[in-house]
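> Here it is: the structure, laid out below.
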Amino acid sequence: KVLEGGKFLEVKMMPNLLNRLEAVAERLERVLGVQPDIDELPATSASEVVVKYDALIHDFLNPWVDASQSIGSEVAAQADAAKNAFTAQREMMVLVSKCKKPSSQHVLEQIVEATAGALKQVAEIKDKSRSSKYWNHLQTVAEGIQALGWVYVERSPASFIAEMAQAAELFSNKIVLEYKMTDQLQVQWVKLFKELLKQLQAYVQAFHTQHLTWNPQGIDAQDYLAGEGRLPSTYTASKPKGGPGAPPPPPPPPAAPLPSASDAPSPQALFAEINQGNLTSGLRHVSKDQKSKGGKAPIVLNTPGYKAASTPPPVVAPPAAAEVKTPVIPEKFVQDGNKWFVEGQIGKQLSIDTATRQQSVYIRGCKDTVVSISGKVNQITVDLCVSTGIAFDDVVSAVELVNCKKVKVQCNGKMPTFAVDKSDETMVYLSKSSLDVEILTSKVADMNVLLPTADRDDWLELAVPQQFKTTIADGKRLVTEAVKHG
């Protein structure tokens, strides 16, 4: 079976014949009491799970890599690293189709080592190219390629891939806006990458619906690794119907070793930590004498080094996080050139006191965290955050929220634009200086805007409409307006 045109088609002869031959061989070995010779296992499994992954690589990965090579520069280098990651995961699919699930954590880490090394290379290329004119391309891939981490997800891994695809859209949409009128190659590159992730999601949904599926009748994974020495690094993709097969990709680079128990937690340990639910223990308690008049504490009040406005709006601290899926993102709090990166922070209170109007702030993957920014910055982007508070003085261009839940934003000065996309339960507190802000929303739910009143302890809370009515005017145009209730 192969993937063609977004649908699974069946090539009857070769896969069925190989499956039957393998079944006969296994029965003979059981009757004769012979253990399979690991060294003689074929490099390409005939199982359907591997054949479909081959088709995914040939039909969707390779065209995107070709487009990346046409663009060249860092985009081409990063695409090669991404292809190595897919190739390594393809060999992992060969292993899981032949082996039982190992009980040893060490064996599991050996199995994912090659994929992890390639993913690390993708991220390193992005981090070393922050001044590149293709920065949005590099960010798109760095976000989306994390979808290959579905093998760690113990429940509904296809949903995890969808979340990573949405995270990549924050940057891929910027590419489309920039090039849609001038360079169709860039637009096509975005479409190909989106389709690649979409087909990866379909593959996982079909063959690994609940979690990574192993072969319960297979051989021991540790024996397989001992016999092979390592996961195979090259392969010949199955030929899809109607065309020649893809040439074998280059072998992946040597994988970076995974952190040891003494250096850092394993990926599984990180997921377990997120699922514990007690992630607010690191938040600092605000005593009564620290609270503002009225007994409400601004979200930035307890952040060291932050100088609040003379009459800071009384915003309460973020509530405990709801049970939502959030990807595991490495912790980072650094300044790199004109960009501040606040990533993977859990249960923290952080302040940025030295930002300037030429700098932007990127906050991603934070949970139960408060970030305060003093002074004037160019732009603030908040992505994939849960139960997080952001307080700032002034923004030159815009504040953007994407894929967030239960995020509170406090503007003490001015901001011209506030954009929210694919986010729920957003609250934005405006100062008197920011009442001329332009608020743009798309796919939002339960968003409220709070306006200052004469009483500093009271706020006028207004809900952003979620329901709209569209009518046809003059038989040739649409008129849309918010539905008013009451």
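The values are calculated or read from the model by the stated rules, or taken from the named source; none is laboratory data. In this text, all values refer to a predicted model and were calculated from it rather than measured experimentally. Here the Cβ positions follow ideal geometry from the backbone for every residue, glycine too, while neighbour counts run over all protein chains shown. Note: areas computed on protein heavy atoms with side chains; ligands, DNA, RNA excluded. Shrake-Rupley method; radii C 1.70, N 1.55, O 1.52, S 1.80 Å.
> Between Glu461 and Thr417, how high is the FRET efficiency from 1/(1 + (r/R0)^6) when r is the Cβ-Cβ distance and R₀ = 30 Å? Nearest 0.05.
On the way: r = 21 Å, r/R0 = 0.71.
My answer for the efficiency is 0.90.
> State the percent of C-alpha pairs, over all pairs in region 155-229, separated by a distance greater than 19 angstrom. Don't skip to the answer; put the middle values down first.
Numbers: 1546 of 2775 pairs.
Cα-Cα pairs in region 155-229 separated by more than 19 Å: 56 percent.
> Quote the FRET efficiency, to the nearest 0.05, computed for Asn338 versus Ala445 with a Förster distance R0 of 22 Å and r equal to the Cβ-Cβ distance. Numbers along the way, then the final one.
Values: r = 34 Å, r/R0 = 1.53.
With R0 = 22 Å, the Cβ-Cβ based efficiency is 0.05.
> Let me ask you something else. Using amide H atoms built 1.01 Å from N in the peptide plane, name the residues 5+ places from Val420, or on other chains, whose amide H lies under 5 Å from its own.
Leu401, Leu440, Thr441, Ser442
> Just add up the charged neighbours of Glu425: K/R +1, D/E -1, any other residue whose Cβ is under 11 Å from the Cβ of Glu425. Walk me through the numbers on the way to the answer.
Values: positive: Lys405, Lys406, Lys408; negative: Asp424, Asp446.
Overall, the nearby charge balance is +1.
> If you look at just the Cα atoms of region 407-486, how large are its Rg and its Dmax in Å?
My reading of the Cα-based Rg and Dmax gives 15.1, 50 Å.
> Using the Karplus equation 6.51 cos²θ - 1.76 cosθ + 1.60 (θ = phi - 60°), what ³J(HN,Hα) coupling, rounded to whole Hz, does each residue of region 353-368 give in order, writing x for Gly and Pro?
9, 10, 6, 10, 5, 8, 9, 10, 10, 10, 10, 9, x, 9, 8, 6
> Next question, about the same structure. Pop a pseudo-label 7 angstrom from the Cα along the beta-carbon direction at both Ser433 and Val479 and give the gap in nm to one decimal.
Spacing of the two 7 Å Cα→Cβ label points: 4.0 nm.
> OK, next. So how many Å³ per residue does the convex hull of the Cα atoms of region 105-185 work out to?
That works out to 99 Å³ per residue.
> Alpha carbon centre of region 362-391 versus region 425-473: separation in Å?
Between the Cα centre of region 362-391 and that of region 425-473, the gap is 19 Å.
> Tally up the carbon and sulfur contribution to the accessible surface of region 43-171 as a whole percent, 1.4 Å probe, everything protein left in place.
Numbers: 1880 of 3950 Å².
The C+S portion of the solvent-accessible surface of region 43-171 is 47 percent.
> Across region 349-434, what fraction of all alpha-carbon pairs, as a whole percent, falls in each successive 10 Å bin from zero upward?
Cα pair-distance distribution for region 349-434, in percent: 19, 58, 23, 0.
> Return the whole-Å distance between the Cα centroid of region 148-197 and the Cα centroid of region 408-423.
Centre-to-centre distance over Cα atoms comes out at 25 Å.
> While we're on this one: Between rounded, prolate and oblate, where does region 54-139 land on the alpha carbon gyration tensor, with a ≥ b ≥ c its root eigenvalues, rounded for a/c under 1.5, else prolate if a/b exceeds b/c? Intermediate results must be reported in sequence, preceding the final value.
Numbers: a/c = 4.52, a/b = 1.73, b/c = 2.61.
The shape class here is oblate.
> Which residues' amide hydrogens lie under 5 Å from the amide hydrogen of Ile219, considering only partners 5 or more residues apart or on another chain, with H built in the peptide plane?
Residues meeting the criterion, in which the H sits 1.01 Å from N, are Cys99, Lys100.
> Simple spin-label model, 7 Å along Cα-to-Cβ: Glu195 to His211 in nm?
About 3.5 nm, to one decimal.
> How do Trp135, Trp150 stack up against each other in accessible area, from largest to smallest, with a 1.4 angstrom probe?
Numbers: Trp135 30, Trp150 0 Å².
Output order, biggest surface exposure first: Trp135, Trp150.
> On to the next question. Given a 1.4 Å probe, how much area per residue of region 332-468 is accessible, in Å²?
Details: 5150 Å² over 137 residues.
Solvent-accessible surface per residue comes out at 38 Å².
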